[in-house]
1. Counting only DSSP beta bridges with both residues in the chain, tell me the antiparallel percent, nearest 5.
2. Suppose a student asked you for the relative contact order of the chain, using Cα pairs under 8 Å spaced at least 6 residues apart; what percent would you report?
3. Would you mind classifying the stretch 1-59 by shape? Square roots of the alpha carbon gyration tensor eigenvalues, ordered a ≥ b ≥ c; an a/c under 1.5 is rounded, otherwise it is prolate if a/b is larger than b/c and oblate if not.
4. Going by a ≥ b ≥ c, the root eigenvalues of the Cα gyration tensor, does the stretch 76-147 fall in the rounded group (a/c under 1.5), the prolate group (a/b larger than b/c) or the oblate group?
5. Given H placed 1.01 Å from N in the peptide plane, which residues other than close sequence neighbours of Thr77 have an amide H under 5 Å from its amide H?
Amino acid sequence: MLNELKRPAGSRRKSIQIGRGNGSGRGNYSTRGLKGQKARTGFSQKPGFEGGQTPLHMRLPKARGFKRYFKLINHVTPINIGVLNADERVKANDTLTPEVLYTLGYGKIGTSFKILGTGELSKSLTFEGFAVSQSAKSLIEKAGGSVA
């Protein structure tokens, strides 16, 4: 049983032995070529070393600058009321939330929206969770909608 187990043929490849005489086919220079730094014992090259030439990582320009603070904070995306009125996916008597506008492709998740009063509104819409300008609020209420 266990004493009869054998490894499958070819599962363990024998490592090639070097430096054991010319008859082995890998004697004399033992695959290291002729003289030079790379033929010596203990040779190891530093990563990125290019033989004294200025290495690529030093030739290329470094990343400069800094992260803009205002790029990292939450942005407010302005949306004109006329754009929502012209969008056929927004139906009359719909309740609009930021999540609905994300799905409609008006902004990325995490951005805030502000509804502005540019354009006309003929649909009755309910807005929840938005910053709304005074002109937009009056247009929404005139069309029969509300701002929550």
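1. Close to 10 percent.
2. 16 percent.
3. oblate
4. Details: a/c = 1.63, a/b = 1.32, b/c = 1.24.
Prolate shape, in that a/c is at least 1.5 and a/b is the bigger ratio.
5. Result for Thr77 returns Ser112, Phe113, Lys114.
No value in this document is a laboratory result; all are computed from the given coordinates. Since we're looking at a predicted model, the values are computed, not measured.
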